[in-house]
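These notes are about the structure you will find just below.
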Amino acid sequence: MNPSKTSEQTTFDTIIVGAGLSGLYAARVLSKAGQRVAVLEARDRVGGLTYSQYSQYLGEYIDLGGAWLADNHTRMHELVQEFNVPLIRQFKTGQEVTVDGETRHTGDVGSFPGRQAALPELQTAMAKLEDALAGIDINAPWTHAKADEFDAMTFAAWIEKNIETPATREFIATSTNAFFGVMPEEVSFLETLHLFKTCGDIIFMGDTHTGGQAAHMMGSQLVSEGLAATVNGVVSLNSPVRRIIQNDQSVIVECDETTWQGKQVICALPPVMINRLEFEPMLPAYRRAFHQRCPIGRYTKAILTYETPFWREQGLSGLAGSLDNGMTGIFDLGDTESKHGVISILFGGEPSIRLDDASKAERDQIILDQVAYALGDLGRHPVEMVVQQWVNEHWSQGGACSYMTTGTLTTIGDRLWQPCGRIYWAGTHLSRVWRGYMEGACAAGEAAANAVLAAWACS
């Protein structure tokens, strides 16, 4: 510690770095067990990647971060009920759209409009993926019979090796853009399989009936705010952590103006953000290597509001995708009785890149063009449009899911969940289930808290 620094030192049982869903859920578990907890958050708000803004026009919240739930996201459904957060079944009445440039294809929801010629080979490719997934142990993917081979290649290399036609290759390749915000050239194939496995499978993730896009909240940050209010201790905002010092008896956590002491620390941050922290003593070499080899996906999300859901009058569901990577997906966020129209348009991975360095005017034009191609020219005239580029958010610098590069899982995967002395790890990127989802964030927070409680009981 710097002896010249004026600081306030406060002692707690456990210090949690990060007031996103994972950190707050960990705090909930520890608080219920009787611990006194301090949650330190760099932002001026709780929620992390759950970020809601109130729309005066709609008279309700819109979500610029996490929003969707599957029916079996049990932790999140309990929290939605506890904190009275609006939950809407995904609207899917009418035709689905796929755009290719300015060309629009329509068909029944789930029929892959515009991709029919690729369906036979797609089914064969999906069968190969399912065979590979069947051998994945969620808790130990590095034990797969072909782990070394699969971890040495990217997902793009597997696609190139196993799929012949360009159309089918492009379709399969979009899956990592959509679900993880990463191009298939960037991620290990073994890691890709593990990501899919933790989330059910590739089909379930995109399912709008009971799967990963079955329902969405209108105000997901309300869950984080509700959790923060239940913490037995303190939630300190505007408190970016700079250094973590541990010894045989305790851990000291330094912020800019305050110092906090506890018996353990839970870091509920993406690996790229953990790289910003200073540790004394240094973290083990394998842990530092993991943080360097686990980037975070890229996402941009825009919410557009209209006087009416005009696309419904055309017989469209508001669900749309892209054949040319112009965007990732469009979703109607209304219910069956909605008078106003509200849609979400997502740009993940490759589609997000061209927005990253665009001017605001260029970015907005790209968004409006994609909506117009999918839903018609009325899409160019929203009443409101709010855009969140997560890659430019200072305390996130990316989307919901981190991913491992080639060679990472097979070399250090068996130590990913191990604490480093008194430092424990949480965050949706480390969840053994539902990685990248809000449910995964809660599961990882719960697992870290239970590990802390086990150590607490032995101390």
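The values are calculated or read from the model by the stated rules, or taken from the named source; none is laboratory data. Being a predicted model, the structure only gives us computed values, none of them experimental. In this analysis, Cβ positions are derived from the backbone assuming ideal geometry, glycine residues included, and neighbour counts consider all displayed protein chains. Remember, those area values only see protein heavy atoms, side chains included, never the ligands or the DNA or RNA. Shrake-Rupley method; radii C 1.70, N 1.55, O 1.52, S 1.80 Å.
What to note about this one:
- Note on segment 282-396: Rg/Rh from Cα positions, Kirkwood definition for Rh, rounded to two decimals, is 1.11.
- Ignoring lysines fewer than eight residues from Lys339 along the same chain, the ones with Cα atoms less than 29 angstrom from its Cα are Lys92, Lys301.
- One quarter of the convex hull surface built on the alpha carbon atoms of segment 170-266 amounts to 10.4 nm², the projected area averaged over directions.
- Between Val235 and Val39, the built amide H atoms are under 5 Å apart, and every one of these is 5 or more places off in sequence or on another chain.
- In sequence order, segment 443-459 has phi-based couplings of 4, 5, x, 5, 5, 5, 5, 5, 5, 5, 5, 5, 5, 4, 5, 8, 7 Hz under the Karplus curve 6.51 cos²θ - 1.76 cosθ + 1.60, θ = phi - 60°, and Gly or Pro positions carry x.
- On Cα atoms only, tilt of 360-375 relative to the major axis of the chain in degrees: 50 degrees
- Site pair Ala152 and Met385 shows an inter-label distance of 4.8 nm when each label is modelled 7 Å from Cα along Cα→Cβ.
- Stretch gain in nm, segment Thr230-Lys360, where the contour uses 0.36 nm per residue and the Cα spacing is subtracted: 42.9 nm
- Using a Förster distance of 60 Å, the FRET efficiency for Glu337-Arg415 (Cβ separation, nearest 0.05): 0.70
- Overall, the chain carries a charge dipole of about 1180 debye about its Cα centre when +1 sits on the Cβ of Lys and Arg and -1 on the Cβ of Asp and Glu, all other atoms neutral.
- Spin-label pair Lys161-Trp456: with each label point 7 Å from Cα along the Cα-Cβ axis, the two points sit 4.6 nm from one another.
- Distant-in-sequence amide H partners of Gly329 (H built 1.01 Å from N, under 5 Å): Leu346
- Between Cys267 and Val17, Tyr424, Trp425, Ala426, the built amide H atoms are under 5 Å apart, and every one of these is 5 or more places off in sequence or on another chain.
- Where only alpha carbons of segment 311-459 are counted, the Rg and the Dmax (Å): 20.6, 65
- Computed over segment 38-156, the percent of Cα pairs more than 26 Å apart is 57.
- Extreme residue, positive dipole direction of the chain, given options Gln365, Ser31, Val433 (C-beta unit charges): Ser31
- Where labels lie 7 Å past Cα in the beta-carbon direction, separation of Ala289 and Asn247 in nm: 3.1 nm
- Taking the square roots of five times each eigenvalue of the Cα gyration tensor of segment 373-447, the equivalent ellipsoid has semi-axes of 36, 15, 13 Å, listed largest first.
- Using the Cβ-Cβ distance between Ala134 and His209 with R0 = 22 Å, the FRET efficiency computed as 1/(1 + (r/R0)^6) comes to roughly 0.40.
- Gyration tensor (Cα) of the chain, equivalent ellipsoid semi-axes in angstrom: 37, 27, 19
- Of interest is the spacing of the C-alpha centroids, which for segment 57-88 and segment 102-119 amounts to 30 Å.
- The angle between the Cα long axis of helix 189-198 and the longest principal axis of the Cα atoms of the chain comes to about 90 degrees, rounded to the nearest 10.
- Mean Cα-pair separation over length for the chain, i.e. relative contact order, pairs under 8 Å, 6 or more apart, %: 26 percent
- 1.4 Å probe accessible area per residue over segment 37-87, in Å²: 41 Å²
- Calculated SAXS-style log₁₀ I(q)/I(0) at q = 0.24, 0.29 Å⁻¹ - segment 234-297, Debye, Cα scatterers: -1.14, -1.38
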